[in-house]
Amino acid sequence: MICMKTLCARVRSTTRALTQKSSQTPTAAFCVIGDEILSGTTQDTNTRTLASQCFSLGINLQKIEIVPDSRASIGASLVQLSHAHTVVFTSGGIGPTHDDITYDAVARAFGDKLAYHSETLQRMRRIMGDTVRARPDPNGTSAERACARMALLPQSARVAFVDDKLWVPVVQVQNVHV
């Protein structure tokens with residue numbers, strides 16, 4: 001999946017930073033988000049990829065949790081995992097539909113607010129071009145606003161773009177990477 005390419009690049013850069021700060025083996029947790037995973041309608045293919053990446057980079061992946069599309073469930077899981085592990089990675093819940101609430105759940109869990117990230121909006125418009133039905137516009141039609149919601153990020157987040165061909169950023173709040 002394209003998102004896993006982004007996530008794997010972030011795992012590699014995070015590993016470099018972690019190993020420079022401590023001689024201890026970094027620990028990780030993975031929070032997989034989505035009702036579609038829990039119901040069995042979608043198969044999770046990201047866990048195997050992330051586990052392989054962590055193993056090859058010397059990160060001790062200690063826990064994998066699957067949570068529903070619920071702000072409370074996502075937030076509680078991420079806060080707990082964040083306290084128990086060096087780094088936490090997430091997968092799922094980022095998109096234009098009503099149940100894609102990961103950014104909002106992360107912001108609430110860590111006492112933050114959401115704001116449109118201008119560079120993400122610009123990249124979305126540039127990379128999507130005219131090939132999509134709805135271009136991101138926070139003030140546009142309902143479809144354009146839904147698309148723009150994918151650039152509504154926690155204000156305190158560090159945002160990294162790991163591939164010039166992808167508009168999807170890796171968003172970091174504390175030690176949680178979305």
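Pop out the ³J(HN,Hα) list for segment 162-175 in order, Karplus 6.51 cos²θ - 1.76 cosθ + 1.60 with θ = phi - 60°, rounded to Hz; leave Gly and Pro as x.
9, 8, 5, 8, 10, 8, 5, x, 9, 10, 10, 10, 6, 9
Taking the Cα centre of the chain as the origin, how large is its charge dipole in debye, to the nearest 20, when only Lys and Arg (+1) and Asp and Glu (-1) carry charge on their Cβ atoms?
My answer is approximately 560 debye.
Starting from the amide H of C31, placed 1.01 Å from N in the peptide plane, find each other amide H under 5 Å away whose residue is 5 or more places distant or on another chain.
Hits under the 5 Å cutoff: E65, F89, T90, S91.
Per residue, how much accessible area does the chain show when a 1.4 Å probe rolls over the protein heavy atoms, in square angstrom?
About 52 Å² of surface per residue is accessible.
In sequence order, what are the phi-derived ³J(HN,Hα) couplings for segment 134-146 according to the Karplus relation 6.51 cos²θ - 1.76 cosθ + 1.60 with θ = phi - 60°, rounded to whole Hz, with x for glycine and proline?
Values, residue by residue: 10, 7, x, 8, x, 10, x, 5, 4, 5, 5, 5, 4 Hz.
Give the long-range amide H neighbours of V162: residues separated by 5 or more places, or on another chain, with amide H under 5 Å away, using H modelled in the peptide plane at 1.01 Å from N.
Distant-sequence amide H within range of V162: V170.
Using Cα pairs closer than 8 Å and at least 6 residues apart in sequence, work out the relative contact order for the chain, in percent.
Contact order relative to length: 22 percent.
Over the alpha-carbon set of the chain, divide Rg by the Kirkwood Rh and report the Rg/Rh ratio to two decimals.
On the Cα set of the chain, Rg over Rh gives 0.96.
Which number comes out as Rg/Rh for segment 85-145 once both Rg and the Kirkwood Rh are worked out on C-alpha atoms?
We get a ratio of 1.02 for segment 85-145.
Positive end of the charge dipole of segment 37-102 (Lys, Arg +1 and Asp, Glu -1 on Cβ, about the Cα centre): tell me which of Q53, S70, L38 has its Cα farthest that way.
It is Q53.
Spin-label point model (7 Å from Cα, Cβ direction): what's the D35 to D163 distance in nm?
Those two pseudo-labels are separated by 2.9 nm.
Run through the DSSP bridge list for the chain and note the antiparallel percent, rounded to the nearest 5.
35 percent
To the nearest 10 degrees, how steep is helix 71-84 against the longest Cα principal axis of the chain, on a 0 to 90 scale?
Compared with the principal axis, the helix lies near 30 degrees.
Measure off, as a whole percent, the carbon and sulfur share of the 1.4 Å-probe accessible area of the chain, all protein chains present.
Within the chain, the accessible surface is 49 percent carbon and sulfur.
Provide, for q = 0.27 Å⁻¹, the log10 of I(q)/I(0) from a solvent-free Debye sum over equal Cα point scatterers in segment 105-178.
Debye intensities relative to I(0), on a log10 scale: -1.23.
Could you state the angle between the C-alpha long axis of helix 118-128 and the longest principal axis of the C-alpha atoms of the chain, as a value from 0 to 90 degrees rounded to the nearest 10?
Between the helix axis and the principal axis of the chain, the angle is about 70 degrees.
Given the DSSP H assignment, sum -39500 (n - 2.57) over each helix run of at least 4 residues in the chain and divide by its residue total; what's the result at 222 nm in deg cm²/dmol, nearest 500?
-12500 deg cm²/dmol
Working out 0.36 nm times the residue gap between Q62 and Q122, then minus their Cα-Cα distance, what length gain in nm do you get to one decimal?
Additional length available on full extension: 17.9 nm.
The values are calculated or read from the model by the stated rules, or taken from the named source; none is laboratory data. Since this is a predicted model, take the numbers as computed values, not measurements. Glycine also receives a Cβ, built like all others from the backbone with ideal geometry; neighbour counts cover every protein chain displayed. Calculation scope for accessible area: heavy atoms of the full protein, side chains included, ligands and nucleic acids excluded. Shrake-Rupley method; radii C 1.70, N 1.55, O 1.52, S 1.80 Å.
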